[in-house]
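A quick write-up on the structure given underneath.
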Amino acid sequence: MISISSKNCIWNWPAIKWVGILSLFLTSCDLPKEIGSDLFSVEVGLNYTDSLSIQSSTVLIDSIYTNQTGAFLVGSHQDPILGTIAASAFTQIANVDTLKSTEASILDSLKMNLIYQSFVGDTTQKQTISIYRLKDSVSRAVDYFNISTLPYDPTPIGTHSFYPRPIKAKTANGDSLKYDTLSFKMNASFGRELLGKYTDKSIAAGGAAFRDYFKGMHIKSSSSAKAAIIGFTPTYSVMTLHYHNPNDTVKYAINYYFSLSTALVAEIHGRFNQLNISRSGVLGNLQKPGDRIPASQSNMVTYVQSGTGLATKLEIPYLLNLKGNKNVAINKAELVIPAADSYELSKTLGTLSLVETDASNRTLKNSYGLRYLLTEGGAGIQSASFNTSDKTYSFNITTAIQNIIANNRKNFAILVTSPLTSNTAGYSRIIGDNIRYVPLNASKIKLKVYYTYIAK
């Protein structure tokens, strides 16, 4: 702890507040002798410390939402520390243009076009993608998590083996991006079934009637555990039914979309990702929400990963020692969290958030969702972006630390998580739409505190 009372300082409101207290002493009606004796008995100053003990650990949290994410995650990826992750997607699909086939119409093909968005892992490994028919519909009114599932018919309606060929160019050109496409034919029997739905006008028109008839798809891949997890965008991916009529040279096509919206609803279709995780080694004991592994058991490295529920828990057991027998006002408190040397920029989480926790190691909640730390001077979600220059995330948590000091709170603990979002109702939650992660250097995490004190 370093006293900075003799150095040049920027006085903010807490410092000014104590100056105001001193001015009361100086303008009181006491005799000069009494004023002098009081002043010499008061200790006032500004202090700074970055030596508070911070205990760090990796924990497994629950309630990782994967519904309405921006990518279908499909495939398998193995990390030597984080374990093996197998990802698959559940989604609705429907047409918006009316199917206008006839009894005489002839199927040409039913083609699936999945547009690559991202990937993690080894794309030189062969994968076999299979598409299954759901028995129950995905609902936009239901919250789905990374462990959620729905029943599906075990007979695939489409299968294709391939070597992933992800994004060719991600350079923005105007307002567009260039993506690559995984294109393959679905089963002809399923194509003929769709072609015959002209007989039911409501189903042929698409929308809700079609979704009632065809509940949706389960998209999964079988591959080596050391392969890759591919992210496909639902926004641009599409399934197209191609057909023609006898003695007609015109080729007809109708699209079935994974993503549909209206002027009133941002997204009509429901979807979610399922993530199955198998861990061993140093993180092998993280099997259920609340499980915890201290940094001392993981080579002083802790982890945060989107989608799988890995978070870093921070505890500051001696924070109240700042007070001692003094009155303390926090001028600024900055939490600085450095990435470990083993981080990979291409896989690193660009933003982290802070959520309150307790001895259960779970995210604490209130009526608005997660009990996240607020931004300074606002009501938004406290978050920090990765600084590529010094390889750190920095959070201004002045108000939170001041409240702890003022209310003598003990056992204060926070979770460092993947980014939080809020839905249209303002309900905060963690959305796991990828498996990006960051290892954190637990031995160099610091809480930098500038504070004003007054004591007798």
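The values are calculated or read from the model by the stated rules, or taken from the named source; none is laboratory data. For clarity, every value in this text was computed on a predicted model and none was experimentally measured. Every residue, glycine among them, receives a Cβ derived from its backbone with ideal geometry; neighbour counts consider all protein chains shown. Ligands, DNA and RNA are excluded from the accessible area calculation, which covers all protein heavy atoms including side chains. Shrake-Rupley method; radii C 1.70, N 1.55, O 1.52, S 1.80 Å.
Structure summary
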read-out: Region 385-397 - phi-based ³J(HN,Hα) in whole Hz, Karplus 6.51/-1.76/1.60, Gly and Pro as x; value: 8, 6, 8, 5, 6, 9, 6, 9, 10, 10, 10, 8, 10
read-out: Nearest-10 value in Å² for the accessible area of Thr235, using the 1.4 Å probe; value: 80
read-out: Portion, in percent, of the accessible area of the chain that falls on carbon or sulfur, probe 1.4 Å; value: 50
read-out: Cα convex hull volume per residue for the chain (Å³); value: 184
read-out: Per-pair calculated FRET efficiency, R0 = 41 Å: Asn276 and Lys251 via Cβ, rounded to 0.05; value: 0.50
read-out: Rounded D (µm²/s) - region 129-262, Kirkwood Rh over Cα pairs, Stokes-Einstein at 25 °C, 0.890 mPa s; value: 140
read-out: Heavy-atom surface of region 83-141, accessible at 1.4 Å and reported per residue (Å²); value: 41
read-out: Largest to smallest accessible area among Ser346, Ser118 [probe 1.4 Å]; value: Ser346, Ser118
read-out: Surface accessible to a 1.4 Å probe, Asp143 within the full protein complex, Å²; value: 80
read-out: Over 27 Å (Cα to Cα) - which of Lys185/Lys251; Lys168/Lys444; Lys313/Lys410; Lys365/Lys391; Lys135/Lys365 fall in this group; value: Lys168/Lys444; Lys365/Lys391; Lys135/Lys365
read-out: Gly216 long-range amide H proximity, modeled H, under 5 Å; value: Leu134
read-out: Probe 1.4 Å, protein heavy atoms only - accessible area per residue of region 385-433 in square angstrom; value: 47
read-out: Options Val250, Pro289, Leu314, ranked by Cα towards positive dipole end of the chain, top entry (Cβ charges); value: Pro289
read-out: Where a label projected 7 Å from the Cα of Asp153 along Cα→Cβ would reach, residues of region 100-137 with amide N under 20 Å; value: 107-113, 129-137
read-out: Alpha-carbon centroid distance for the pair region 277-351 / region 391-417, whole angstrom; value: 13
read-out: Cα-based convex hull volume of region 176-323 per residue, rounded to whole Å³; value: 271
read-out: Heavy atoms of Lys226 accessible to a 1.4 Å probe, total area in Å² rounded to 10; value: 130
read-out: Charge dipole (debye, nearest 20) of the chain; +1 at Cβ of Lys and Arg, -1 at Cβ of Asp and Glu; value: 380
read-out: Relative contact order, percent, the chain [alpha-carbon distance under 8 Å, six or more residues apart]; value: 26
read-out: Difference of contour (0.36 nm per residue) and Cα-Cα distance, Ser342 to Ser367; value: 5.2 nm
read-out: Percent breakdown of C-alpha pair distances by 5 Å bin, ordered from the shortest bin, for region 364-456; value: 2, 9, 18, 22, 21, 15, 8, 4, 1, 1, 0
read-out: Distance between region 105-129 and region 196-265 - C-alpha centres, whole angstrom; value: 14
read-out: Largest to smallest principal axis extent of the C-alpha atoms in region 176-240, angstrom; value: 46, 32, 19
read-out: Relative intensity, log₁₀ I(q)/I(0), of region 47-99 from a Debye sum that treats every alpha carbon as a point, q = 0.14, 0.31 Å⁻¹; value: -0.71, -1.23
